[in-house]
1. R0 = 25 Å: FRET efficiency of R213 with H245, Cβ-based, nearest 0.05?
2. For the range 290-383, give the percent of accessible area contributed by carbon and sulfur heavy atoms, probe 1.4 Å, rounded to a whole number.
3. On C-alpha positions alone, give me the angle between the axis of helix 13-32 and the longest principal axis of the chain, in degrees, nearest 10.
4. Treating the beta-carbon of each Lys and Arg as +1 and of each Asp and Glu as -1, no other charges, what is the dipole magnitude of the range 150-229 about its Cα centre, to the nearest 20 debye?
5. Across the Cα atoms of the range 238-383, what radius of gyration and what greatest pairwise Cα-Cα distance (Dmax) are found, in Å?
6. Tell me the per residue accessible area of the chain using a 1.4 Å probe; a whole number in Å² is fine.
7. Please report the antiparallel percentage of the DSSP beta bridges confined to the chain, to the nearest 5.
8. Largest first and in whole Å, give the semi-axes of the chain's equivalent ellipsoid, each being the square root of 5 times a Cα gyration tensor eigenvalue.
Amino acid sequence: MASILPHSLQPDTDALAHSDGLRAEISRAIGEAGGWIGFSRFMEMALYAPGLGYYSAGAVKLGPGGDFITAPEMTPLFAQTLAGPVAQALAGLPPSAVLFELGAGSGRLACDLMLALQERDSLPAQYWILEVSADLRERQQAQVATLPSALRDRVRWCDTWPEKFSGVVVANEVLDALPVHRVGWRAEGWVEVGVALEGAQWVWRERPLCDARLRDALPDPAGWPVPYDTEICLAAADLVATLAHSLEAGRAYFFDYGFPAREYYHPQRSMGTLMCHLRHHAHGDPLVYPGLQDITAHVDFTAVARAALAQGLAVADYGTLAGWLVAAGITDHLGRLAADSARYLPAVSAVQKLLSPAEMGELFKVLELRPAGGPAVLPARLG
């Protein structure tokens, strides 16, 4: 197995044994499929295979001791700022309206949001969490257990999407973890890039692109160099379709890193956007350390928005994380800590990372969707 980490940070014997178990499982799936699987299937298994996938196993994933850190983990000011728009949206909904979080990570955002909404006297009737990882669900439950009973009693976990509801949906770094198809533009046309077995080793292998739905989602390759590789996330359109079916009234906020289509498919982005995270080291090889590393792809926000419009939703807002946080008042929340240096200085450092163009401020975007009350159009920024 190729090494992508300094020797001092390489996985230990137990971790490698776990990884080998998942490797055998995926290799068996490749063999049963005739020697090749599309990358979306590979990514799905690497992340979510029961008991073995990255999000299904018990290793710490979030925070300083994990593989990456998210905005809610960096500072409670993220949740306190989000609480303003959430409270405003809830105020226009029936008393039964809920707050519904997709993929709640460690549970930190849920706890901080409930506390912030309590301060505003804007608590939802319930706080629902949809979490596909049994391990993360346990961690969330332990975190929520630290809340006062009046708050924790409102939190419940869902195994599936609710049929119909009114409320506010929050999804922080969910879209980037959805399995993606890997495709390539070649001199002879489009190919789908998947994973095959060569002896006992995994290798990239191309096949003619035959999937009709995938073909319909392909971008225009005019002006691209050859070869050009990129990703298509059909699962994001499926998620949006489910949202459109279930959300009768309210808002949905998606926070993630990505680009509009004109930047996502830029001619210079010829190697795609796949990124892996292991012990706070980022690299581009998803075929190593299966089950021990996160695998992500940047979000094509134009595709998500178009899927939303096709399902009868409207784009209420779209912009950079920095612009959205400032408009929502994060600097005001930060200013209230100025008299307490023990809290203020760490908060300043975290807020700088959230707002800096060189950190999360420009790369991360915020997409706000709502049920359409009339004709919906694609914002110019997503065109």
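1. 0.85
2. With neighbouring chains kept in place, the figure for the range 290-383 is 55 percent.
3. Here the helix axis deviates by roughly 60 degrees.
4. Magnitude of the dipole: close to 280 debye.
5. 18.0, 50
6. That works out to 43 Å² per residue.
7. Roughly 60 percent of the DSSP beta bridges within the chain come out antiparallel.
8. In descending order, the three semi-axes are 34, 25, 21 Å.
The values are calculated or read from the model by the stated rules, or taken from the named source; none is laboratory data. Just so it is clear, the structure is predicted and the values come from calculations on it, not from any experiment. Counting neighbours? That spans all protein chains shown, and the Cβs are built from the backbone with ideal geometry, glycine included. With ligands, DNA and RNA removed, areas are computed over all heavy atoms of the protein, side chains included. Shrake-Rupley method; radii C 1.70, N 1.55, O 1.52, S 1.80 Å.
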